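K.L.:
Okay, handing you the structure first.
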Amino acid sequence: MSSATESIDAILKKKYDAGFITDIEQEYAPPGLNEDIVRFISAKKEEPEWLLEWRLKAYRRWLEMKEPRWAKVSYPEIDYQDICYYAAPKSKDDAPKSLDEVDPELLATYEKLGIPLHEREVLAGVAVDAVFDSVSVTTTFRKKLSEVGVIFMSFSEAVQEHPELIRKYLGSVVPVSDNFFAALNSAVFSDGSVVYIPKGVRCPMELSTYFRINAAKTGQFERTLIVADEGSYVSYLEGCTAPMRDENQLHAAVVELVAHKDAQIKYSTVQNWYPGDENGKGGIFNFVTKRGLCEGERSKISWTQVETGSAITWKYPSCILKGDDSIGEFYSVALSNHRQQADTGTKMIHLGKNTKSTIISKGISAGHGQQTYRGGVKIMRGASNARNYTQCDSLLIGDKCGAHTVPYVDVRNSTSKLEHEATTSRIGEDQLFYCRQRGLAEEDAVSLIVNGFAKEVLKELPMEFAVEAQKLLGVSLEGAVG
Amino acid sequence: MLKIEDLHVEVDGKTILKGITLDIAAGEVHAIMGPNGSGKSTLAYVLAGREGYEVTKGSVTYKGQNLLEMEPEIRAAEGVFLGFQYPVAIPGVSNIYFLKAALNAIRKHRGQDPLDAIDFMKLSKEKAGLVQLPDQLTKRSVNDGFSGGEKKRNEIYQMAMLEPSLAILDETDSGLDIDALKVVAEGVNALRGPERAMLVITHYQRLLDYIVPDVVHVLIDGRIVRTGDKNLAKQLERDGYSEVRDAIQP
Ligand SMILES: Nc1ncnc2c1ncn2[C@@H]1O[C@H](COP(=O)(O)OP(=O)(O)OP(=O)(O)O)[C@@H](O)[C@H]1O
Ligand SMILES: [Mg+2]
């Protein structure tokens, strides 16, 4: 037995005692990845055998795969043996049952992030599933939702309470071997959210999850699964933040959406992972696989994302338009300041007849930031009368940053119609001077111009989050000029 | 109010203004006329604090303070307004949102509370009425797709909203049809008062029929070569600049 396995064995025996690297409230698995770690995670979560097998299969596939390097981002080698794959704020046995039981320190952290859970609960009518590192801390509003049959809970809970749902859909949109990071996630994912909206139900409130990476040297690998049954509707928002740390942290999430006949899923992200400092030290490596399947006729999936954080962003929320007359949308604002690098875009795969997709991408680069839009539109043979509209705008602030556009188009049905527009502009000295002449400070002027540039996308966000996103764009650009 | 003394300005190493001296008292309206490229806009930009205009000599005092030391937004907050010859567009930012941000930034500088949405809209309605700016233009993105005349009208609307102490209007009349010219001139006249000074840059004496200036200056090749009353503008309109130009040849 290797020494790593020995130590895990010891840990498993000693349960929550010594052996764990436990600071005040955190529990970790020792760093490194092997089959025993996968078993450890699965055991921690008391998962059924089939899920453990699923994870192990993913792990074995992952071993055979290579980290993709085709994106226009450069970063140092990631040492996958130097990362912790499990960190929990508390042992599962005494997980909080309600907000009152949540560590006040933790709530204070959320408070700082501008997510006052208590307030949200009462005022905004938003049900929040907060994922702190790897474990879902608390899910509010569960009761109200369950009255209409909506399932909204952490992934681990859903595995226990609705195993048939998980078994049916897990990996159905993003197969374990889809890509390197998806395979890694499938092997080690620790928690996340699950949503199921029953037939004909319009989810009575916005559902929202906040992710936060807190522990040092820890990867976050959460999974989200949203299934909208026939004729249902749901709007879902995820927000992400991480504290400042000097070393890079890995985030590799998987999100799977399934929209059945006449169902609609609106998925919005405001991503503000720590971007690193102005010299590129620290920050989150964000490698995320998000994909939606428009399974049924007339189904619709909209992705809206505001990406201001992370040192590296590698993310292509996509839609598979399988049902006839289904619709896919992608609205994106991505901002790279300082040394941030973002390679992001979408893939629209048209399979069904009369399928439609819209892509609006707004890239903002400042400082030494690098920004690549990478988008693919694929019209398959059966997709008669498919339509795609792509608009891809880049805004440059200063002369050390860069913007790149990489569109891929693959058309196999001649009845389809595609339109593509792209622009690149620079915030002009004349625009800034005009604003300042009217009394606006330079940074406010930049923020105003950027928000104007991003408006088409911001207006797709739910109201309260649009305001948040607007502020975020301003804050992220501090120091971008002058 | 504004005291310019022996002002020399370089752009990209080229001297554009070669010793301007000008004194504008509160309540006065001065007009500046001069051929293309003589430095009129340069003067306006220097007063507003645009980057890239280097003052190599001379001074500008505004309300007793050294104007040249202030950031552009501070000048604005202190009451300097420039109506641009070529107003720029800011796509995606509504005119009204822009102006509210500007007005409240200025109010903050002055220690006043920000105007709330209701008071702001009331003020906006009143001022837009003054220059007959259609309501929908206040809601559209700043100058985005505006016609030439609409842009100029928008400048005057903004000026009316911000109520500056010193308004510099750079060819606000260019591109206006005759009716619009009257409307804009009325808007400007409505703002005339003992507390305000104006510097009106124009090529056409026609504007000065409506905005009657106290003093008219002729700027040629970076120098003020003649100063007179409103009749000087009439004479220029009749004879062109050649006579003045000849008069200054050594
Ligand atoms: N950035 C610059 N670089 C070089 N020359 C410049 C620059 N800006 C202005 N100039 C020059 O300075 C001179 C004065 O320009 P200015 O715009 O002040 O003229 P003007 O009197 O306003 O002309 P018009 O009546 O055509 O508006 C011109 O010769 C112009 O080409
Ligand atoms: Mg000019």
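K.L.:
Where Rh is the Kirkwood radius over the Cα pairs of the stretch B:1-59, the temperature 4 °C and the viscosity 1.567 mPa s, what D in µm²/s does Stokes-Einstein return?
P.N.:
Values: Rh = 12.0 Å.
In µm²/s, the coefficient rounds to 108.
K.L.:
Right, another one. Could you pull out every residue, at least 5 positions away or on a different chain, whose amide H is within less than 5 Å of the one on A:S357? Hs are placed 1.01 Å off N in the peptide plane, and Pro or chain starts have none.
P.N.:
Residues meeting the amide H criterion: A:G328, A:R387, A:N388, A:Y389.
K.L.:
Given the stretch A:396-482 reduced to its alpha-carbon atoms as identical point scatterers, what log10 I(q)/I(0) does the Debye formula return at q = 0.11, 0.15 Å⁻¹?
P.N.:
Scattering profile of the stretch A:396-482, log10 relative to I(0): -0.45, -0.72.
K.L.:
Which translational diffusion coefficient, to the nearest whole µm²/s, is obtained for the stretch B:106-250 from the Stokes-Einstein equation, given a Kirkwood hydrodynamic radius over C-alpha pairs, 37 °C and 0.692 mPa s?
P.N.:
Stokes-Einstein gives a translational diffusion coefficient of 192 µm²/s.
K.L.:
Turning to a different aspect of this structure: Per residue Cα convex hull volume for the stretch A:349-454, in cubic angstrom?
P.N.:
Values: hull volume 9.7 nm³, N = 106.
That works out to 92 Å³ per residue.
K.L.:
Whole number please: convex hull volume per residue, Cα atoms of the stretch B:3-97, in Å³. Please list the in-between numbers first.
P.N.:
Working: hull volume 12.5 nm³, N = 95.
Taking only Cα atoms, the stretch B:3-97 has a hull volume of 131 Å³ per residue.
K.L.:
Over all directions, how big on average is the projection of the convex hull of the alpha-carbon atoms in chain B, in square nanometres?
P.N.:
Values: hull surface 53.8 nm².
The number I arrive at for chain B is 13.5 nm².
K.L.:
What average count of beta carbons from other chains do you get within 10 Å of the Cβ of residues in A:449-460? Show your work: numbers first, answer last.
P.N.:
Values: counts 6, 2, 3, 11, 4, 1, 5, 2, 0, 1, 1, 0.
Average neighbour count from other chains, rounded to a whole number: 3.
K.L.:
Same structure, new question: Near the amide H of B:G83, under 5 Å away, which other amide H atoms are found, from residues 5 or more places off or on another chain, if H is placed in the peptide plane?
P.N.:
Sorted by chain and number, the residues that satisfy this are B:I168, B:L169, B:D170.
K.L.:
Next up: Placing unit charges on C-beta atoms (Lys and Arg positive, Asp and Glu negative, everything else neutral), compute the dipole magnitude of the stretch B:1-82 about its Cα centre in debye, rounded to 20.
P.N.:
Numbers: 8 positive and 12 negative charges, 49 e Å.
So the magnitude is around 240 debye.
K.L.:
Counting DSSP beta bridges with both partners in chain B, what percentage is antiparallel, nearest 5?
P.N.:
On the way: 25 of 42 bridges.
Restricted to chain B, the bridges split so that about 60 percent are antiparallel.
K.L.:
Okay, moving on. With N set to the residue count of the stretch B:131-212, report its C-alpha Rg divided by 2.2 N^0.38 Å to two decimal places.
P.N.:
Values: Rg = 12.2 Å, N = 82, 2.2 N^0.38 = 11.7 Å.
Relative to the rule-of-thumb radius for its length, the stretch B:131-212 sits at 1.04.
K.L.:
As I understand it, the dipole of the stretch A:294-429 uses +1 on the Cβ of Lys and Arg and -1 on the Cβ of Asp and Glu, about the Cα centre. Which of A:C401, A:H420, A:I327 lies farthest toward its positive end?
P.N.:
Of the listed residues, the answer is A:I327.
K.L.:
Nearest 20 debye, what's the magnitude of the dipole of the stretch B:99-250 about its Cα centre given +1 on Lys and Arg Cβ and -1 on Asp and Glu Cβ?
P.N.:
Numbers: 22 positive and 24 negative charges, 75 e Å.
Magnitude of the dipole: close to 360 debye.
K.L.:
Hey, another quick one. How big is the stretch A:263-348 on each of its three principal axes, counting only the C-alpha atoms and giving the largest first in Å?
P.N.:
49, 15, 13
K.L.:
Then there is this: Volume per residue, Å³, of the convex hull around the alpha-carbon atoms of the stretch A:250-404?
P.N.:
77 Å³
K.L.:
Which cross-chain or sequence-distant (5 or more) residues have an amide H under 5 Å from the amide H of A:T405, H modelled 1.01 Å from N in plane?
P.N.:
A:Y373
K.L.:
Enter the Cα centre distance for the pair the stretch B:14-67 and the stretch A:25-69, rounded to the nearest angstrom.
P.N.:
Each part's Cα centre sits 71 Å from the other's.
K.L.:
Also, quick follow-up: Translational diffusion coefficient of the stretch A:389-446 at 20 °C, 1.002 mPa s, Stokes-Einstein with Kirkwood Rh over Cα pairs, in µm²/s as a whole number.
P.N.:
Details: Rh = 14.4 Å.
The estimated diffusion coefficient comes to 149 µm²/s.
K.L.:
Could you rank the peptides A:355-366, B:61-72, B:21-32 by their average count of other C-beta atoms within 10 Å per residue, with the highest value first?
P.N.:
Working: A:355-366: 25.5, B:61-72: 15.3, B:21-32: 18.1.
Listed from highest to lowest mean packing, they are A:355-366, B:21-32, B:61-72.
K.L.:
Here's something else I'd like to know. Could you order the peptides A:248-261, A:195-208, A:418-431 from most to least packed, using the average number of other C-beta atoms within 10 Å per residue? Let's see the in-between values first.
P.N.:
Numbers: A:248-261: 24.4, A:195-208: 19.8, A:418-431: 14.3.
Answer by packing, highest mean first, reads A:248-261, A:195-208, A:418-431.
K.L.:
Which Cα, out of B:G129, B:L176, B:G149, lies furthest along the positive dipole direction of the stretch B:90-189 (beta carbon charges, K/R +1, D/E -1)?
P.N.:
Most positive-ward Cα: B:G129.
K.L.:
Let me ask something else about it. In whole Å, how far is the Cα centre of the stretch A:151-193 from that of the stretch A:419-482?
P.N.:
Computed from Cα coordinates, the inter-centre distance equals 37 Å.
K.L.:
I'd like the antiparallel share, as a percent to the nearest 5, of DSSP beta bridges with both residues in the stretch B:110-250.
P.N.:
Values: 5 of 10 bridges.
The antiparallel proportion sits near 50 percent.
Read-outs throughout are calculated quantities, based only on the coordinates presented, and are distinct from any laboratory measurement. These numbers come from a predicted model, not from an experiment. Positions of Cβ are generated from backbone atoms using ideal geometry, with glycine treated the same way; all protein chains shown enter the neighbour counts.
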